[in-house]
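Engineer: Sharing a structure here in structure tokens format.
The values are calculated or read from the model by the stated rules, or taken from the named source; none is laboratory data. Because the structure is a prediction, the values reported are computed rather than measured. All Cβ positions, even for glycine, are placed from backbone atoms using ideal geometry, and neighbour counts span all protein chains on display.
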Amino acid sequence: MDHLKVATWDERYADAVVALWNASAVRDGYKELTSASFAETFTSNPYFDAACTFVLLEDGEPKGFACGCKGADLPIGDVAGYVTCIVLAEGFGSDANRAVLLEAIEARFRALGKRQSEVLFFNPMKLPWYIPGTPDHEHNNAPGVPVDAALYPFLLDQGYADRARQCAMYRTLADFEIPEDIRAKEAKAAEAGYRVELYDPARHTGLERMLAGLGNPAWEREIAACAAEGVPVVIAAHGAEAAGFAGPVVRQDNGRGYFAGIGVHPDHEGRGLGSILFFKLCEALRDVGADYMSLFTGSNNPAIRIYEKAGFNTVRQFAIMRKELTQ
């Protein structure tokens, strides 16, 4: 380390850090970045903090890049900072170099009065990555640290606790079909007055009320906005009243079928609506030309059984980690 030093972020490092990312982070499966996408992900992000972003320099040349972020309006953001990434150039990937960058991030968190350092899916800096064994199919966010990356055992050694696992799941959609048992479940729900179909403001009511009852502010904002803008959303309706949702139905430019989530209002649980909603969403995404879907879910989330029944396989696991910071 005698010939290396750590510097806080300066825009003059941007081009070299993009090149570093494309040479090193890509080896861990992350998507390549351009100058524009690097800025969109990091420096133009509203949660970017130059004082929590560091480069490891050798003779003025970046050999490492590390970024953390914070925001009081983020989940647990009042007490926690988020570690986004630590990337090192080939030949510099030692735990000693990781440690000096991690210590710089943690020192910034402490200076801000944070009591926890987190690696988790609430991080607003979303890092796209390639799904292994596919023709560059990608997922739009890394929900933690990949358990097959060198950063994972390093963080364990640094006192980070492995708190949960997120399973990244994937399937292609060209051959997707709704099986007969789900059709039968849909018919049974119809007998009880439920229909699963695309949201139509002329026929359906109570969407905002249903979303508020799910207790997920991100869904509440995103799905309500989609409905207001005419973006298709699959809903379960009891009569005219919205009872659940899946969606939205959006084919992204890279061919991925976008997936924000699936939820059923507590008043309407126990009727199999979650399964029906998800299968109908997959069908709708296939019909709009999506090539594949990817999503992540907790390894202990009962919804994983729905995804597996729909033909999704776990392709990678990510660890959700936390370290308690001493002042």
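Engineer: Taking residue 286 and the conditions (1) part of a helix (DSSP H, G or I); (2) charged (D, E, K, R); (3) closer than 18 Å to residue 187 by Cα, which numbered condition does it fall short on, given that it satisfies the others?
Structural biologist: Result: residue 286 passes all but (3).
Engineer: Those residues that are assigned to a strand (DSSP E or B) and more than 15 Å from the chain's Cα centre (by Cα), I need them from the range 298-313; list them, please.
Structural biologist: Correct list: 313 only.
Engineer: Scanning the range 180-198 for residues that are free of Cβ contacts under 8 Å to residues at least 12 places away in the same chain and of a type in the set (A, V, I, L, M, F, W, C), which turns out farthest from residue 241 (Cα to Cα)?
Structural biologist: The residue in question is 184.
Engineer: Identify all residues within the range 92-130 that are outside any helix (DSSP H, G or I), within 20 Å of residue 161 (Cα to Cα) and in contact (Cβ under 8 Å) with a residue 60 or more places away in the chain; write none if there are none.
Structural biologist: 114, 115, 116, 117, 118, 119, 120, 121
Engineer: Just one of the numbered conditions (1) over 30 Å from residue 229 (Cβ atoms); (2) outside any loop (DSSP other than H, G, I, E, B); (3) in contact (Cβ under 8 Å) with a residue 40 or more places away in the chain is not true of residue 153; which one?
Structural biologist: (3)
Engineer: I've got another one for you. Working only within the range 225-242, note down all residues that are in a strand (DSSP E or B), within 24 Å of the chain's Cα centre (by Cα) and either at pLDDT below 95 or farther than 9 Å from residue 195 by Cα (or both).
Structural biologist: 234
Engineer: For the range 49-76: of the residues being part of a loop (DSSP other than H, G, I, E, B) and free of Cβ contacts under 8 Å to residues at least 40 places away in the same chain, which is farthest from residue 127 (Cα to Cα)?
Structural biologist: Here the answer is 60.
Engineer: Another question, then. If we keep just the residues of the range 28-42 that are surrounded by fewer than 16 Cβ atoms within 10 Å (Cβ to Cβ) and touching a residue at least 12 places away in the same chain (Cβ under 8 Å), which is farthest from the chain's Cα centre (by Cα)?
Structural biologist: The selected residue is 35.
Engineer: Let me ask something else about it. In the range 1-25, what residues are among the β-branched types (Val, Ile, Thr) and either touching a residue at least 24 places away in the same chain (Cβ under 8 Å) or touching a His at 6+ places or on another chain (Cβ under 9 Å) (or both)?
Structural biologist: 6, 8, 17
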